[in-house]
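Colleague: Sharing a structure below in structure tokens format, with a few things to ask.
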Amino acid sequence: MQQNTEYKDVWVYCEVQDGALTRPTTEVIAGARKIADRMNMKVVGVMIGYNLEKVAREPIYYGADEVIVCDSPLLKSYQALPYTYVLSDMVLRLKPWAFLFVANEVGRELGARVAYKTITGLAADCIDLLVEDFVMHTPQGTLVFKDCIAQVRPDFATRIAKIFTPKHRPQMSNVRPGSFSPLPRDETRKGEIIRWEAEIPAGAFAVEVLEERRLPKSNVKLEDAKVIVSLGLGILRDASGNPRNPVEAYEHAEKLAAIIKDRLKVETEIGASRALIYAGVKELEGLIIKDRQVGQTGKTVAPDVYIAAGISGAIQHRVGIMRAKKIVAINTDPDAPIFQIAHYGVVGDVYEVLPKLVQLLGGGEVEA
Ligand SMILES: Cc1cc2nc3c(=O)[nH]c(=O)nc-3n(C[C@H](O)[C@H](O)[C@H](O)COP(=O)(O)OP(=O)(O)OC[C@H]3O[C@@H](n4cnc5c(N)ncnc54)[C@H](O)[C@@H]3O)c2cc1C
């Protein structure tokens, strides 16, 4: 069953910060390109704000075919209501087949509001986008909806789910940062800029922005790291079950990261499982902070090497590391799920294996 053929193209809501397209936006454009090419459709960037002239072509350089730009002093600062008004109006008039947002504060809020206004669904926290037929079994028979987006995301338990919105258009998702690699920026790419004039009702401006202040940026750069040494609840006890001061494990991880950084000249970082962060271990205060969380409700990372030390490999953690090129697991339990996806596994105690790795890489003596 071919659905709603008047809907076409894959739209991406383009976020601009400090006059530049944000990196997660470029990632979502790459995801949009993947499904648009399957469907022979265009990728259309949608940009709202003020003084966008210089940045308007950036989505094209990163893979979009067109950009719809709504440039107005009234839209200088992000505000949910007027932005929702503009986007919903565009959707209702131009009928995109899909509309993708970044899964961050703005994308989550705006996408959900636009989906509600335009009476469609939204799949949150997607980590991949595919095009598949959706098969629905009903008492009257089997319906096949051709060419739907399979919006891939972790479910709330142990599996990866595919969400389909077969009956409504546009199909809307927000996509977790780190889920796609941006396409190389190419200034020779050509595409049309379409100006959008919005008549926003005065009632949409329920908030007056008096001042904008930036939150301090986190020093933890998990997204950029080439090597991540990540720690889990396993660091609270050694292999014999004796409680340990987890700061010791943190220091081993820090040393390992520092040596790798020094030797390979690549960015390294310390990550953590959610369980360790939320365990509220006093000794780890200020060290194992929320910014280090890897996984479904933390960050999606794509390092060359991910070292999981004392991490069981629950699905919510695994979805955050699926794009790591090599995974090294250190765990006392040979049946730990992390070994199912690890390229290299060490069945052993973090309190023995991490110092050995430090010694090996640092050139020190390795005990037998
Ligand atoms: C909606 C939802 C979202 C979630 N989001 C996230 C998320 O973003 N990120 C995330 O990480 N989790 C997330 N979780 C939690 C997730 O389900 C797991 O509970 C969590 O990942 C487990 O963390 P862990 O592996 O550190 O702990 P555990 O599962 O307790 O594993 C500890 C591991 O350490 C091993 N071990 C013990 N002692 C040692 C030792 N001395 N040396 C070596 N190994 C040892 C054990 O064998 C075990 O495998 C989420 C859960 C839900 C429901």
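Read-outs: derived from the displayed coordinates by stated rules, not from any lab. Just so we're clear, the structure is a prediction, and the values are computed from it rather than from any experiment. Every residue, glycine among them, receives a Cβ derived from its backbone with ideal geometry; neighbour counts consider all protein chains shown.
Colleague: Tell me, Ile315, Ile235, Ile277 in order of fewest to most beta-carbon neighbours within 10 Å?
Modeller: With the sparsest Cβ surroundings first, the list reads Ile315, Ile277, Ile235.
Colleague: In what order do Thr300, Thr138 fall by count of nearby beta-carbon atoms within 10 Å, going from fewest to most?
Modeller: Neighbour counts put them in this order, fewest first: Thr138, Thr300.
Colleague: Next question, about the same structure. Taking amide hydrogens as modeled 1.01 Å from N in the peptide plane, which residues meet the under 5 Å criterion relative to Cys126, leaving out close sequence neighbours?
Modeller: Asn174, Val175, Arg176
Colleague: What is the distance in Å between the Cα centroid of region 5-81 and that of region 282-358?
Modeller: 35
Colleague: Still on this model: Report, in debye and to the nearest 20, how large the dipole of region 10-204 comes out about its Cα centre when Lys and Arg carry +1 and Asp and Glu carry -1 on their Cβ.
Modeller: It works out to roughly 380 debye.
Colleague: Hey, another quick one. When the chain is treated as a GNM, springs tying every alpha-carbon pair under 10 Å, which of His252, His168, His137 comes out with the largest mean-square fluctuation?
Modeller: Top of the fluctuation ranking is His137.
Colleague: Would you be so kind as to identify which of Val319, Pro166, Pro246 lies farthest towards the positive end of the dipole of the chain, taking Lys and Arg as +1 and Asp and Glu as -1 on Cβ and the Cα centre as origin?
Modeller: Pro166
Colleague: Looking at the calculated P(r) for region 239-345, what percent of the C-alpha pair distances fall above 21 Å?
Modeller: For region 239-345, the share of Cα pairs beyond 21 Å comes to 35 percent.
Colleague: Can you run phi through the Karplus equation (6.51, -1.76, 1.60; θ = phi - 60°) for region 299-314 and list ³J(HN,Hα) in whole Hz, with x for Gly and Pro?
Modeller: Taking θ as phi minus 60°, the curve returns 9, 9, 10, 9, x, 5, 9, 10, 9, 9, 10, x, 10, 6, x, 4 Hz for region 299-314.
Colleague: Another question about this same structure. What longest region of the chain stays clear of GluC sites (Glu not before Pro) that DSSP places outside H, G, I, E and B and that have at most 14 other Cβ atoms within 10 Å?
Modeller: Longest site-free region, per DSSP loop and neighbour criteria: 54-186.
Colleague: Just for region 38-186, what percent of DSSP beta bridges are antiparallel, to the closest 5?
Modeller: Among the beta bridges of region 38-186, antiparallel pairing accounts for roughly 50 percent.
Colleague: Which lysines have a Cα less than 21 Å from the Cα of Lys117, not counting those fewer than 8 places away in the same chain?
Modeller: Straight-distance partners of Lys117: Lys8, Lys95, Lys167.
Colleague: To make sure I understand, if each residue's beta carbon is the centre and we count other beta carbons within 10 Å, what order do Tyr306, Tyr351 fall in, fewest to most?
Modeller: Taking fewest neighbouring Cβ atoms as first place, the list is Tyr351, Tyr306.
Colleague: Computed on alpha carbon atoms, what radius of gyration and Dmax characterise region 10-204, expressed in Å?
Modeller: Considering region 10-204 through its Cα atoms, Rg and Dmax are 16.5, 55 Å.
Colleague: Moving on. Using only alpha carbon positions, build the gyration tensor of the chain, then give the equivalent ellipsoid semi-axes as the square roots of 5 times its eigenvalues, largest first, whole angstrom.
Modeller: Sorted largest first and rounded, they come to 42, 24, 19 Å.
Colleague: Please compare each pair in Lys54/Lys190; Lys76/Lys221; Lys42/Lys221; Lys261/Lys325 to a cut-off of 26 Å on the Cα-Cα distance and tell me which ones are over it.
Modeller: Where the Cα-Cα span goes over 26 Å, the pairs concerned are Lys76/Lys221; Lys42/Lys221.
Colleague: How large is the dipole of region 222-362 about the Cα centre if only Lys and Arg carry +1 and Asp and Glu carry -1, each at its Cβ, rounded to the nearest 20 debye?
Modeller: 340
Colleague: How big is the dipole moment of the chain about its Cα centre under a simple scheme where the beta carbon of each Lys and Arg is +1, that of each Asp and Glu is -1, and everything else is neutral? Debye, nearest 20, please.
Modeller: In total the dipole reaches around 600 debye.
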